[in-house]
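One structure below.
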Amino acid sequence: MSLRDLVRPNIWRLQPYSSARHEFEGQADVYLDANENPYGSAFSRYPDPLQLQLKQVIARYKSMPVDQIFLGNGSDEAIDLIMRIFCRPGIDEILVLFFTYGMYKVSADICDVKVNECLLTSDYQIDVEGVRQAITPETKVLFICSPNNPTGNLMDRERIEEVFRFFHGIVVIDEAYMDFAPANQSWLRTLVNYPNLVILQTFSKAWGLAGIRLGLAYASKEIIHLMNKVKPPYNVNQLTQKAALDALTMGLEKKEAEVIEINSERKRLTTLLEDRTEVLQVFPSEANFLLVKFSDPAKVFQHLKTAGIVVRDRSKTPLCEGCLRITIGTPEENNLVLETLNLMI
Ligand SMILES: *Cc1c(COP(=O)(O)O)cnc(C)c1O
C-alpha cells in the first residue's frame, strides 16, 4: 500500500499555513514581517517553526537525518497528529494492544475514530493471531508501546516483525521508556526497512523534562513532511527548544547517570518487594516503574495514600487485576515506600 492510500485526502491536498519567516528565508537586518513588538525581550520573536538548530543536535545524537525527525508539544501531540493525518472521522479505525497507555484511545475518541482492542497475552506479549483477526480494512494505525505502560516489558521483536508482514497500515512504536531498557532495543535503526513505521520518543521520562513538553517522532521523510504540514506552526516554543538544547549539550552525563541509578533502584526494589507476603508478583520491568500485584491492592493503595505516597491504581484493568504501578523514585523515596508497607497491619 502506498502512503497516499493511507492519508486522508484532505490532508494530502492541504496547503499548510505559511508563516512570515517561512516565506522569507534570507538574512535581514530589520524584521517587520510578523507583527512582533520591536522592543521586547529575548522572546519577542516567533520561534523557528521547524526547530532546525535543535533537530540538528538531535540528528547527530541519534544518527538520524533531520528530515526524519518531528518535534512536538509532547508525544501526545504526535499521537494526535497521526490520528488526524491517517484516520477519517467516523470511518477509519485504530488498533491498540490492551492493556496499554491511555492516550491512544482518548486521542482517537476525540477524533471520532473507532478503537479496536486486542488483548495482550497473559505474559503481556503481542497476540499475533489476535492482531491478525482484529485488523479490518478500515484499520489505519496500530499502536505498540515498548516497553509497555503499565506492564513494563519490551515487546518481542520477532512478533512485531511478523505483524509488519501482514499489516501495511501505519505502525506506531511508542518508545517513551526505551532509555531504561538494555541497549539496542530501539526500532530506530530499522526505520529504513519499514516505510510505514513511526517511532515515538520523549523528553518527559529519562531526560527528566516532562515540564517542557517535548516529544519526538521518527519516520520516513514523507510522513514527517505530513506531520509538519498539519502541526500548529509554532508548536514548540522558544523556552522548550532552549531547555532541550541545554540538556543535549550539557546534560547528557547527568541523564545517563540517573538512568543507571533508577535502573539499579528498580532491581533493588524488585527484590525487596518480592520478599513481602502481601506481594503476589513483581512483573519484570525494562522501564522506570514496577507493576506489582498485591493480595489486597485497595488496602495498600489507601495505606500509601494516607502516608502521602501516591501510586497508580491499575487493579481493575484487564490483565493487571490486583496491580499497582509504582514509579521508581529516589533511594529515599523508595525506602519510604518499603517502610510504609512495613507499618501496614
Ligand atoms: C509518559 C508517556 C509518554 C510521554 O508523553 P509526553 O506527551 O511526551 O509527555 C508517551 N507514551 C507513553 C506510553 C508514556 O507512558
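Brief remarks follow.
- Taking all Cα pairs closer than 8 Å and separated by 6 or more residues, the relative contact order of region 33-173 comes to 19 percent.
- Kirkwood's formula applied to the C-alpha pairs of the chain gives a hydrodynamic radius of 21.8 angstrom.
- Per the chain, cysteines lacking a partner by the 4.7 Å Cβ criterion: 87, 111, 118, 145
- Accessible-area composition of the chain, carbon plus sulfur, in percent [1.4 Å probe]: 53 percent
- Accessible area expressed per residue, region 305-345, with surrounding protein chains retained (probe 1.4 Å, Å²): 58 Å²
- Computed on protein heavy atoms with a 1.4 Å probe, the accessible areas place 5, 67, 179 in the order 5, 67, 179, largest first.
- Peptide packing for 30-40, 214-224, 255-265 was compared via the average number of neighbouring C-beta atoms within 10 Å per residue; ordered from the highest value, the list is 214-224, 255-265, 30-40.
- Quick note on region 202-345: its Rg to Rh ratio, both from C-alpha atoms and Rh being the Kirkwood radius, is 1.08.
- Solvent-accessible area per residue for region 1-155 (1.4 angstrom probe, square angstrom): 51 Å²
The values are calculated or read from the model by the stated rules, or taken from the named source; none is laboratory data. Since the model is a prediction, treat every value here as computed from it, not as a measurement. Please note: Cβ atoms are built from the backbone with ideal geometry, for glycine as well, and neighbour counts cover all protein chains shown. Protein only, heavy atoms only, side chains kept; ligands, DNA and RNA dropped before computing areas. Shrake-Rupley method; radii C 1.70, N 1.55, O 1.52, S 1.80 Å.
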